[in-house]
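As structure tokens, the structure follows; a few thoughts come after it.
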Amino acid sequence: MSLTLEDPRVVEFDVRTDEMLVNMGPQHPSTHGVLRLLLRTDGEVIYEVTPHIGYLHRCAEKIGENLTTPQWIPYTDRMDYLAGMNMNLGLSLAVEKLIGMEVPEKAMVLRLIIAELNRIASHLVGMGAYGLDLGTFSPFLYAFREREIILDLFEEACGARLTYSYITIGGLTHDIPAEITIPSGLAALTHQNPNKKVSWLGGLTMFLDWLEPRILEYHTLLTENAIFIKRTAGIGVLSREKAISYGCTGPVLRGSGVDHDLRRDGEKIYTRMYEGFQFDVPVAPFKKAPPEAVLGDNWCRFYVRMMEVVQSIRLLRQGIDKYTKASGTTRVPYKMTTKLPVNEVYLETECPRGQMGFYLVGNGEDKPFRARAKSSCFCNLSVTAELCQGCLIADIPAIVGSLDIVMGEIDR
Amino acid sequence: MSPADIHQQLVAQFGDKITGAKLDAIDPWIEVAPAAIVDVCTYLRDDPKLKFDALNDLCGADYLETDPKKAAKFPHQPHVEVVYHLYSYFLKHYIVVKVKLPRWQNDQVGELPEVPSVAGIWLIADWHEREAYDLVGIQFTGHPNMRRILCPEDWEGHALRKDYEFPLEYHGIRGK
């Protein structure tokens, strides 16, 4: 159409909206790492979202096929780097299942303590970063204040703060220390002498006593906050059937109302760690949900994580009690060059972000013939295209944030 | 249902399309003819006694021994596999289904083996089949969007093939 500029109204009323292709990422702060979303939008409304992944791809599976299994453990730390302990545990259990190894009871209890503590740390980051996505800064600072204490405790236990490689095949690399200096963050928060000596479990108990009442504060800050509810409730609704079909796991699955937690429903080799422990599996819908919330929306997914922190604290208290009564060692020796039998196993464990699976094929050699890591976030992310359709651009950080993804695990 | 029962039911339904099984493995598996995989998987999902509503994992595996010293002892014929790990949320049972394919279609090196896609049965298979295509080099026919997912689209080769050679150069970046 050719425009004649003699009549100014022609230009004034020729306002059309065109479809636009917008790149969100890979360096967008609210995409939690290097995730690129290609949006096809009409104004503010999304027609289509295409996630592009692979920016952190390093073919961890090929690396695993060229290393013996204990050598691969440090690489699993770098998959879900916010929950390294849970990744270590997943691979260790898969190898133990393959070679039929028994782990002493004390090691199982300590593994539970470490894994649940890491789950709290991971959910704290999930909560803080989600607040950040939605434009509130303070929950992030609170979350990192708490997480710092957990990292200090991990540092005392194994020397590392992010990539632990602490849980290993046959147990844990070593026992927790008998005496530590109280974590500086905890000393400051509870007004204690920073040079005070406590036992590791004593420090942990002190931290839990301090953390438990704080969860109510987070609820006031986020969960019950009117703006937060407006941004999350009723947005990004994932139905129960779609969640199962897409292979969503963890809080995303339970937020859609599927009562499934591998700590309770998983394979024997994993669930026996949790035998004799009392804990609930939080599943949507919740009584406390605001009236706007729908089953399977952002709010439900977020709330599942918050409730899981409470359950992890419960498990930790029982674990501390059980550990002090347990005797024996925390490790059975496992030789680096142990030959894997000609067999294959697949084992999934409940990591903070969902079910992480390891598939190992033994070939009579020390290196696995096929080493595969099935990522939970990979499946959880694949629903974005469906959830974001028809929503506004501003809802995308809210939806992607509620899935709580870690790109290191997706790209492997 | 126990894996043996599942195997029996599948054999009764599909006959010689079920080409093998190893029921004494740690995770028992059933082997299915590639052409029948969609029918078998639909049956596994929909049959009221099986109800495998979830595909936990789908991956490819390349069986080839590249070291000539070990090749004589290698227990498998060279082939690639697609491994389906199924789970039922209703009945809480597991089964592994496998499909064995030649390493190259018609023995032409470079021609990828083909297997029908199950992306229409479980949505999770969409991305996982793309990953298997990308890393192991298996073509899934009938897949809505058979493109690479983790590697760049112009990447050459499939990294999890045992005879994969790392490229010496990619867009001016030296590989070694």
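For region A:285-389, what class follows from the C-alpha gyration tensor (a ≥ b ≥ c being the square roots of its eigenvalues): rounded when a/c is under 1.5, otherwise prolate if a/b is larger than b/c, else oblate? Before the final figure, lay out each step's value.
Working: a/c = 4.95, a/b = 1.42, b/c = 3.49.
The shape class here is oblate.
Counting pairs on different chains as well as pairs 8 or more places apart, how many Lys pairs in region A:213-363 have Cα atoms under 25 Å apart?
Final tally of qualifying lysine pairs is 9.
Given a 1.4 angstrom probe, I'd like the percentage of the accessible area of region B:3-124 that is carbon and sulfur, rounded to a whole number. Walk me through the intermediate numbers first.
Working: 2850 of 5470 Å².
With neighbouring chains kept in place, the figure for region B:3-124 is 52 percent.
What is the percent carbon and sulfur in the accessible area of region A:345-412, measuring with a 1.4 Å probe over the protein chains and ignoring ligands? List each step's numbers first, then the result.
Details: 460 of 920 Å².
Accessible surface attributable to carbon and sulfur in region A:345-412 totals 50 percent.
May I ask you to find the residues of region A:244-258 that are shielded by at least 40 Å² of accessible area once the whole protein assembly is considered instead of their isolated chain (probe 1.4 Å)?
A:ILE244, A:SER245, A:TYR246
Could you do me a favour and compute the accessible area per residue for the protein assembly as shown, 1.4 Å probe, result in Å²? Write down the numbers at each step before the final one.
Values: 23730 Å² over 588 residues.
Ligands and nucleic acids excluded, the result is 40 Å² per residue.
Provide, for chain B, the number of lysine pairs with alpha carbons under 14 Å apart, each pair being eight or more places apart or on different chains. All intermediate terms of the calculation are to be shown ahead of the outcome.
Details: B:LYS17/B:LYS98; B:LYS17/B:LYS100; B:LYS22/B:LYS98; B:LYS22/B:LYS100; B:LYS49/B:LYS92; B:LYS51/B:LYS92; B:LYS70/B:LYS162.
Going through chain B pair by pair, I get 7.
Could you grab the relative contact order for region B:3-124? Cα pairs under 8 Å, six or more apart, rounded to a whole percent.
Working: 202 pairs, mean separation 30.2, N = 122.
Result for region B:3-124 is 25 percent.
Return P(r) of chain A (all Cα-Cα pairs; 10 Å bins starting at 0; whole %; ordered from short to long distances).
Pair shares across the bins are 5, 22, 30, 24, 12, 4, 2, 1, 0, 0.
Considering the Cα positions of chain B, please state its Rg to one decimal place and its Dmax as a whole number of Å.
17.5, 57
Buried accessible area between A and B (1.4 Å probe, both chains summed, ligands and nucleic acids excluded), in Å² to the nearest 100?
Working: alone 17210 and 10130 Å², together 23730 Å².
When A and B are taken together, about 3600 Å² of accessible area is lost.
For region A:166-241 and region A:34-80, what is the centre-to-centre distance using only Cα atoms, to the nearest Å?
The two parts, judged by their Cα centres, are 27 Å apart.
Using square roots of five times the C-alpha gyration tensor eigenvalues, list the equivalent-ellipsoid semi-axes of region A:217-374 in whole Å, biggest first.
On the way: eigenvalues 261, 96, 28 Å².
So the three semi-axes of region A:217-374 are 36, 22, 12 Å.
What percent does the relative contact order of chain A come to when contacts are Cα pairs within less than 8 Å and at least six residues apart? List each step's numbers first, then the result.
Details: 790 pairs, mean separation 102.8, N = 412.
Computed over chain A, the figure is 25 percent.
The values are calculated or read from the model by the stated rules, or taken from the named source; none is laboratory data. These figures come from a predicted structure and were not determined experimentally. These accessible areas exclude ligands, DNA and RNA; they are computed on the full protein's heavy atoms, side chains included. Shrake-Rupley method; radii C 1.70, N 1.55, O 1.52, S 1.80 Å.
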